[in-house]
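Trainee: Quick one: the structure is below, and I'll ask about it shortly.
The values are calculated or read from the model by the stated rules, or taken from the named source; none is laboratory data. Quick caveat, the model's predicted, so the values are computed rather than measured. Using ideal geometry, Cβ is built from the backbone for each residue, glycine included, and neighbour counts are taken over all protein chains shown.
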Amino acid sequence: MYEFEGMYVSGKWSPTSGPPIEVRSPADGELLGRVGEATAADVAVAVEAARTALEHGPWQSSTAAIRAQAITALADAIGARTKELADVVSAEVGSPRKWTTFGQLATALGVYRACAAIVEDYEFEERRPSATGGEVLVRRLPVGVVGAIVPWNAPLFTAALKMAPALAAGCTIVLKPSPEAPLALSMLAECIEEAGIPAGVINIVSGGVATGAALVAHPGVDKISFTGSTAAGKQIGAACAQDVRRVTLELGGKSAAVVLDDVVVDATLINGLVTGVMANNGQICAAQTRILLPRSCYDEILEPFAAAVSAMRIGDPAERDTEVGPVINAASRDRIENAVAGAVDAGARLVAGGTRPDGFDSGSYVSPTVLADVDNDMAIARDELFGPVAVVIAYDDENDAVAVANDSEYGLAGAVWSADPVRASRVAARIRTGSVSINSAAPLDFGSPFGGFKKSGIGREGGPEGIAAYLESQSIIL
Ligand code: NAD
């Protein structure tokens, strides 16, 4: 049992006024821990602490080298707790433990370390010739107090994508984890202390929508960085607009894996397609849930793909050989089951999964599922499902593949598979998404920008662009 009955503010735990949030395992409903729920009044205390640390603490005026050191020290402290954090995040999210060390921990560490390397050489000040003669000093200043709101599916990773660049920029932070998965992020408090990050620079308040909304509405917050659903992102964007508050939105996706007709059908391709959609039980924003196959070799690829998905081992996420664990809760399971049934009614052909797995009645399990012969106009191809469900869509030629991949209100990620990397890169460049990988399921690179076109978001995280999102430019005309 993990007990965090309060909020982490100004370098210590203090009581919250809300009732404790019970965190339960999606695998069997077992009580894993409790965290204090922060009310609007508690959020105000945390924002005040972040403001005091910003205006009166050493962080804002610290050198890039000191910030890089602190980010590295935070990564080291997290890395030293890899096993415990991976166990906890696997338990609260339901991520297969076998994948968690890489998928939840190494990815978060990769973000911190890449950011620490970038900030060392980041140009926070630059002199440039004035357009009218003379010189201009362009300064890049911390945006101020950042409200960072993250989802449950990858708590340490999504928080790293906000905390690393916000720290690099010299900002102070109020982090709000999701009520479904606040335990691993609460454990970060210890890492923050161990890293020597000054009190008040990172504050943690747990809670649900009301806690998040209080953070978004607080006038002491200069920037909101939100990762979550497009529905919530729209509300948050609208609320920020009221006060002209800066906002970054990392939202949902319905990404495509485009398999070209020259592809070599081998284990690399099939494993890549499976990982692209099924990793973290299908609960990844950048999941490549639409598999676009050429009509000329449709069955040749569909059959081994469906067979590989059918063979995936469903089980307790803590078991070392589990490949697919439960989805986050029963409501999510029911929503996914209904969507799959709706797709079958609409004419999709079930070629793997589709039924509730036997013997897993106490948890929110969904069998990994493949629906073939899907039309891109069907709801199953348009709506983000956030579960272990792949839809397979046939296309005629390269132009058709690009058109289908782009025919989505989302634009987050994707992949192109081909024996010819030059051709694959050419096709990738026509896809209107924030990132596209070639012959791999990797959704992003830690040192490069990641984010959404269209309704997948506004702004970018990662790389120098991720740091820029936490800076205000000021021109001093000399
Ligand atoms: P969600 O939108 O329900 O909640 C995300 C977070 O926002 C939670 O902490 C929640 O408490 C808070 N929240 C919700 N409504 C709010 C509001 N009106 N005001 C303030 N805070 C609010 O999403 P979720 O179910 O936790 O996560 C799944 C979603 O996250 C999926 O849509 C997925 O695609 C998306 N996601 C996106 C990325 C990305 O980088 N683009 C990464 C991971 C997850």
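Trainee: From the list 214, 195, 169, 210, which residue is surrounded by 24 or more Cβ atoms within 10 Å (Cβ to Cβ) and either more than 16 Å from the chain's Cα centre (by Cα) or of a type outside the set (A, V, I, L, M) (or both)?
Mentor: None of the other options fit; the residue is 169.
Trainee: If you scan segment 447-470, which residues turn out to be assigned to a helix (DSSP H, G or I) and at negative phi?
Mentor: Step one: of segment 447-470, the residues assigned to a helix (DSSP H, G or I) are 463-468.
Once the filter is applied, which keeps residues that are assigned to a helix (DSSP H, G or I) and at negative phi, segment 447-470 yields 464, 465, 466, 467, 468.
Trainee: Hey, another quick one. Residue 195 fails exactly one of the following numbered conditions: (1) away from the ligand (no atom under 16 Å from the Cβ); (2) under 22 Å from residue 246 (Cβ atoms); (3) among the hydrophobic types (A, V, I, L, M, F, W, C); (4) touching a helix residue (DSSP H, G or I) at 6+ places or on another chain (Cβ under 8 Å). What is the number of that condition?
Mentor: (2)
Trainee: Is it the case that residue 270 is β-branched (Val, Ile, Thr), under 30 Å from residue 89 (Cβ atoms), surrounded by fewer than 24 Cβ atoms within 10 Å (Cβ to Cβ) and more than 10 Å from the ligand (Cβ to nearest atom)?
Mentor: yes
Trainee: Which of the residues that make up segment 94-106 are surrounded by 19 or more Cβ atoms within 10 Å (Cβ to Cβ) and either touching a strand residue (DSSP E or B) at 6+ places or on another chain (Cβ under 8 Å) or not basic (Lys, Arg) (or both)?
Mentor: 94, 95, 96, 99, 100, 103, 104, 105
Trainee: With crowded, with 21+ Cβ neighbours inside 10 Å and either of a type in the set (A, V, I, L, M) or touching a Ser or Thr at 6+ places or on another chain (Cβ under 9 Å) (or both) as the only criterion, which of 379, 419, 390 stands out?
Mentor: Exactly one residue qualifies, and that residue is 390.
Trainee: Another question about this same structure. Which members of segment 117-126 meet the condition of being in contact (Cβ under 8 Å) with a residue 60 or more places away in the chain and under 24 Å from residue 478 (Cα atoms)?
Mentor: 122, 124
Trainee: Right, next: If a residue must be assigned to a strand (DSSP E or B) and within 22 Å of residue 469 (Cβ to Cβ), how many such residues does segment 96-136 contain? Don't jump to the end; show me each part of the working.
Mentor: Restricting attention to segment 96-136, the residues satisfying the condition of being assigned to a strand (DSSP E or B) are 125-129, 135-136.
Those still in the list that are within 22 Å of residue 469 (Cβ to Cβ) too: 125-126, 128.
Residues meeting the conditions: 3.
Trainee: Right, something else. Considering only segment 391-398, I want to know if a residue exists there that is under 21 Å from residue 451 (Cα atoms), among the β-branched types (Val, Ile, Thr), more than 16 Å from the ligand (Cβ to nearest atom) and touching a residue at least 40 places away in the same chain (Cβ under 8 Å). Write out each step before concluding.
Mentor: Step one: filter segment 391-398 for residues under 21 Å from residue 451 (Cα atoms), giving none.
No: zero hits.
Trainee: Please specify each residue of segment 406-430 satisfying the condition of being in a helix (DSSP H, G or I) and polar (S, T, N, Q).
Mentor: 406, 425, listed by residue number.
Let's see how each residue does on (1) farther than 15 Å from residue 11 by Cα; (2) modelled with pLDDT of 95 or more; (3) surrounded by fewer than 18 Cβ atoms within 10 Å (Cβ to Cβ):
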position	(1), (2), (3)
39	yes, yes, no
44	yes, yes, yes
48	no, yes, no
52	no, yes, yes
55	yes, yes, yes
66	yes, yes, yes
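Trainee: Right, something else. Quick one: what pairs do we get from segment 206-218, first residue assigned to a loop (DSSP other than H, G, I, E, B), second of a type in the set (S, T, N, Q) and within 8 Å of the ligand (Cβ to nearest atom), C-beta under 8 Å, 6+ apart or different chains?
Mentor: Pairs found: 208/178.
Trainee: Considering only residues of segment 48-77 that are of a type in the set (A, V, I, L, M, F, W, C) and free of Cβ contacts under 8 Å to residues at least 60 places away in the same chain, which is farthest from residue 119 (Cα to Cα)?
Mentor: Of everything passing the filter in segment 48-77, 75 is farthest from residue 119 (Cα to Cα).
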